[in-house]
1. Only one residue in 275, 257 is under 21 Å from residue 465 (Cβ atoms) and small (Gly, Ala, Ser), so which one is that?
2. Take the conditions open to solvent by 70 Å² or more (accessible area, probe 1.4 Å) and basic (Lys, Arg) and apply them to residue 106. Does it pass?
3. State yes or no: is residue 265 acidic (Asp, Glu), open to solvent by 40 Å² or more (accessible area, probe 1.4 Å) and at pLDDT 95 or above?
4. For residue 270, are the conditions met, namely being surrounded by 13 or more Cβ atoms within 10 Å (Cβ to Cβ), charged (D, E, K, R) and modelled with pLDDT of 95 or more?
5. Looking at (1) outside any helix (DSSP H, G or I); (2) buried (at least 23 other Cβ atoms within 10 Å of the Cβ), find the lone condition where residue 360 falls short.
6. Among the residues of segment 149-164, what is the count of those that are more than 21 Å from residue 110 (Cα to Cα) and surrounded by fewer than 22 Cβ atoms within 10 Å (Cβ to Cβ)?
7. Does segment 288-300 include one or more residues that are within 21 Å of the chain's Cα centre (by Cα), at pLDDT 95 or above, under 22 Å from residue 448 (Cα atoms) and open to solvent by less than 40 Å² (accessible area, probe 1.4 Å)?
8. Looking at segment 503-515, is at least one residue open to solvent by 50 Å² or more (accessible area, probe 1.4 Å) and without any contact (Cβ under 8 Å) to a residue 40 or more places away in the chain?
Amino acid sequence: MFRPSTLAPWRALPVAVLLAACARATPAPSPAPAPSPTAPEAMAAPVQQPPITVSPPAPPVTGADAAGADTARADWHRLDYDTDKVLGVGSERAIRELLTGRQPQREVVVAVIDGGVDTAHTYLRARLWKNEKEIAGNGADDDRNGYVDDVRGWNYPVTASGSAVGPETFELTRLYAACRGAAAGTGLGKPSAARCDSLAGAFAEKKAEVTGTLSQIRNLDRMLSQVTNALEGAIGRPLTRAKVQAFKPSGGELTRARDLWLALEADGLDAAGLAEAKQAYESQAMFGLDTAYYPRARNANGSADVMGPDASHGTHVAGIIGAERDAKNTVMGIAPNVRIMGVRAVPDGDERDEDVARAIRYAVDNGAQIINMSFGKSYSPKKAAVDSAVRYADAKGVLMVHAAGNDGENNDVVPSYPTPMTGVGMRARLWLEVGASSWKGTGALATGFSNYGKQTVDLFAPGEDILSTVPGGGVKREDGTSMAAPVVSGVAALLLAYFPKLTPTEVREIMVQSVRTFPNAVVALPGGDGQQVPFASLSRTGGLVDAYAAVKMALQRESLRP
């Protein structure tokens, strides 16, 4: 489960904003550590992989980038570093300069395994995958694939009434409940006594983290309301950064209100954002930690509801990949000629391994060429089922793109599941693990929340302030590796659409070999205390995905084919 605009920022808060000292560091304990290598869910922890050799040579780091800019352009992730001086992927330049006069040669089906996709969104509905062999609404499995009315895809987690599961528990909660014989642990074997002791400690830490953070969010919400009311009374509505900065109050209370409002605003905390964060953590406290909560129907096959009760995350992901490419639209996808297949496996809580495994197999069996997975968790008790599905997709030639996670953790040490490691020394060939980069300049390439790993994360891609589609026909900016993964999926779809003779293996090779590297760039270690590290040390390639260079390389390969 990743929730970019609510969970990610709160897991890596800077010491910046509380009432007196303007600090908002979470007082709760750090997230529970990953299971030890002897734990059942960690038996296939990442194996050390050699760094990937990349080309072409990197440009030097220059000052001609976005450092010092106040806001990101709406389309920044699609722009080009050389021509636009923005740290995007250069997909628009590739289409404009390298692919001019060409048309996509095929439709590319991208499965979005997520929390749901808004099938009515005007920017998406023409780009949705359709199962042509299925007749909508007739209550029959027309194509005999085992799924009734799966016209747009499928939803796996359902309740006893047949509706899509909304709130869910953490995987940690389920394991802890299995130790205690509680309902949330249904379907899991009881761990060993020693393991249960470890899980009890981890659960206590998680509970303290969630309740402490929720308390802090509520306090910030109250403080923001108070200072907003005070400032509006003094200078009127609406409050803007320029207006508040220009305000020079004579009284101490208004000065403190001004400073706090500006500090909160600088960290992206407004009333809407705090309300969203509060809702997310209230759900975690009420459902995620409830050992007696088991919302699912047992042995159910799922439903055709690919939207579910909250399609915000999956809709945002889908728009990044393939929103209708119309210049009149506020948002456009990276790739033309894409079809989005919605496969819902991620509720409002941790996804279950069996659902992830079934979702991967569904995507493969129904024609997906790329699978985007913008979700993850720290425990995977049924990892063997997921590993089997990953091997299946790998063998069928389907490219899997996975978000690295938003905890500022080293995935070489703390895995974020699922992983491409499907056995001891066995790694899926067609897998790309993606970290999140920023638009804020070469000195801030890695976002503060992104997971990283020299052996386990393949490359970085834009994942901060990404504008994309949300349910109800709107658009919104979001942060997270959840946004970076679909940028990579979009670039892969672009290559497959214009170069149909490329194999999935070749597409992956091109993408890792054509990354843009910054050998002189030094950045703050994500999730760290300010330690500076080479950006190249955070992933196997040490670079950012580069659509322009990838298309150029694909053209070169095309010219060499007989």
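1. When all the criteria are applied, what remains is 275.
2. Judged against the criteria, residue 106 is not a match.
3. In short, no.
4. The answer is no for residue 270.
5. (1)
6. 6
7. Looking for residues that are within 21 Å of the chain's Cα centre (by Cα), at pLDDT 95 or above, under 22 Å from residue 448 (Cα atoms) and open to solvent by less than 40 Å² (accessible area, probe 1.4 Å), one finds none in segment 288-300, hence no.
8. Scanning segment 503-515 turns up at least one residue that is open to solvent by 50 Å² or more (accessible area, probe 1.4 Å) and without any contact (Cβ under 8 Å) to a residue 40 or more places away in the chain.
The values are calculated or read from the model by the stated rules, or taken from the named source; none is laboratory data. Worth saying up front: this structure is predicted, and the values here are computed from it rather than measured. Every residue, glycine as well, gets a Cβ built from its backbone with ideal geometry; the counts of neighbours run over all protein chains shown. We work out accessible area using only protein heavy atoms, side chains counted, and drop any ligands, DNA or RNA first. Shrake-Rupley method; radii C 1.70, N 1.55, O 1.52, S 1.80 Å.
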